[in-house]
Ligand code: SF4
């Protein structure tokens with residue numbers, strides 16, 4: 001059994017595995033095309049760090065970061081805004097850094113585990129219920145950026161949250177089920193309501209002839225919708241009028257390639273475009289050790305008011321499945337350092353928890369996929385050399401990884417920290 005099936009079996013039941021592989025993308029394709037064509041709907045795509053360093057492998061360009069092509073493709077389709085999910089990762093970093101310091105200072109809920117890997121969170125919920133309080137309350141990066149988009153961004157652009165459709169491009173099949181349980185209450189949204197008249201708004205949206213041509217090509221494949229789509233509808237989120245789903249759809253890297261192929265495009269046909277106004281620093285979230293590094297660097301800054309030294313936590317270069325390190329960080333007179341670790345791969349995680357090794361640490365970054373999200377189940381082949389290549393491309397030029405320097409994210413956290421955590 002490979003990691004893909006291990007993750008899906010641990011997290012969901014086998015019927016859902018079949019749906020993810022056989023049905024989701026066609027069902028989503030129908031919905032995505034109709035939302036882009038709907039003049040009342042503003043369509044937003046958020047792009048996670050891992051797909052941009054794997055996309056090239058499908059097009060014989062394995063050593064390139066193709067984020068600009070990803071943005072360009074969605075713009076060609078007629079998507080209204082494309083944001084970098086690293087902005088959401090900045091919000092997760094800031095939220096987890098504050099939460100972790102609070103837990104350290106009160107000596108409660110330790111060790112803390114990251115919340116951003118839905119397969120791991122589901123594993124804890126299913127097999128170690130007593131450790132649920134140890135998982136961070138911070139929203140995941142895709143939930144953070146979706147919350148920001150449907151509240152502050154919507155208000156700034158005179159949009160209603162219910163008229164925004166968010167597609168998250170991720171390396172992760174487990175995210176397809178994560179989004180079914182991520183909601184925002186209508187009473188919270190009402191504070192950001194703009195009372196925008198959607199009839200007026202519809203006059204502003206213009207779909208170019210090129211976009212129409214591509215959407216037409218995609219529409220032809222709607223006829224292929226299989227019985228699986230009907231089954232999928234049965235596990236749609238259980239929504240009521242008092243809440244709306246945050247992220248509306250998830251596309252994996254493999255599904256992005258499927259879309260590009262259905263449109264009969266080569267990479268050269270796609271323009272290079274930059275993300276719209278939301279970008280972030282925490283790109284390292286895409287590789288094992290990156291979440292831990294981002295959080296500890298930001299904790300250091302919060303405690304000392306100084307930038308962290310470059311060698312404070314150089315754990316990203318460690319390729320072992322379990323890496324542990326002691327970080328000099330003064331929490332109190334008695335506690336002058338913290339012990340942290342990263343672990344990856346569900347098989348190793350099982351051993352780590354059953355043996356109770358986790359009790360030795362203050363914080364543990366847990367990623368279900370070997371290599372972290374760059375080795376996600378929605379990515380192409382994940383051999384060791386490929387993972388190493390993706391990691392080097394991802395971390396190239398990433399000297400800045402400092403979420404607290406993201407002024408938009410920090411101001412949002414300070415004003416709306418209650419939106420950054422799950423209840
Ligand atoms: S480590 Fe794997 S399962 Fe976890 S969020 Fe990343 S891609 Fe998804």
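Assuming a ≥ b ≥ c are the square roots of the Cα gyration tensor eigenvalues, decide whether segment 39-122 counts as rounded (a/c under 1.5), prolate (otherwise, with a/b larger than b/c) or oblate. Cα axes put segment 39-122 in the prolate bin. Mind pulling the per residue volume of the convex hull built on the Cα atoms of segment 293-356? Å³ is fine. Cα convex hull per residue, to the nearest whole number: 94 Å³. Starting from the Kirkwood radius over alpha-carbon pairs of the chain, derive D by Stokes-Einstein at 10 °C in a medium of 1.306 mPa s and give it in µm² s⁻¹. D, rounded to a whole number, is 73 µm²/s.
P(r) tail for segment 87-139: Cα pairs beyond 12 Å make up 63% of the total.
In terms of surrounding Cβ atoms within a 10 Å radius of their Cβ, 266, 52, 347 rank from fewest to most as 266, 347, 52. Stretching residue 305 away from residue 31 to a fully extended chain increases their span by 93.9 nm, per 0.36 nm per residue minus the current alpha-carbon distance. The residue 216 and residue 408 beta-carbon pair, evaluated with R₀ = 35 Å, returns a calculated FRET efficiency of approximately 0.40.
Here the label points at residue 350 and residue 207, each 7 Å from Cα along the C-beta direction, are separated by 4.7 nm in the simple model. Which of rounded, prolate, oblate describes segment 338-423, given a ≥ b ≥ c as roots of the alpha-carbon gyration tensor eigenvalues and a/c under 1.5 marking rounded, otherwise prolate only if a/b is larger than b/c? Oblate is the answer for segment 338-423, as a/c is 1.5 or above yet b/c matches or exceeds a/b. Eigenvalues of the alpha-carbon gyration tensor of segment 106-192, scaled by 5 and square-rooted, set the equivalent ellipsoid semi-axes at 28, 16, 10 angstrom, largest first. Based on C-alpha pairs under 8 angstrom that are at least 6 apart in sequence, the chain has a relative contact order of 27 percent. Extending 7 Å from the Cα toward the beta-carbon at both residue 38 and residue 191 defines two label points whose distance is 2.7 nm. Extending 7 Å from the Cα toward the beta-carbon at both residue 336 and residue 64 defines two label points whose distance is 5.2 nm. By DSSP, the beta bridges lying fully in segment 284-395 are antiparallel in about 60 percent of cases.
Rounded, prolate or oblate: which fits segment 270-383, taking a ≥ b ≥ c as square roots of the Cα gyration tensor eigenvalues, rounded meaning a/c under 1.5, else prolate when a/b beats b/c? It is oblate, given that a/c is not under 1.5 and a/b is not larger than b/c. Residue ranges 169-180, 378-389 sort as 169-180, 378-389 when ordered by packing (mean number of other C-beta atoms within 10 Å per residue, highest first).
At full extension, residue 385 and residue 359 could sit 6.1 nm farther apart than now, given 0.36 nm per residue minus the alpha carbon distance.
Where both bridge residues fall in the chain, DSSP classifies roughly 35% of the beta bridges as antiparallel.
Every number in this text was worked out from the coordinates using simple rules, so none of it is lab data. Nothing here was measured: the structure is a model prediction, and the numbers come from that model. With ideal geometry, Cβ positions are generated from the backbone for all residues, glycine too; neighbour counts draw on all protein chains shown.
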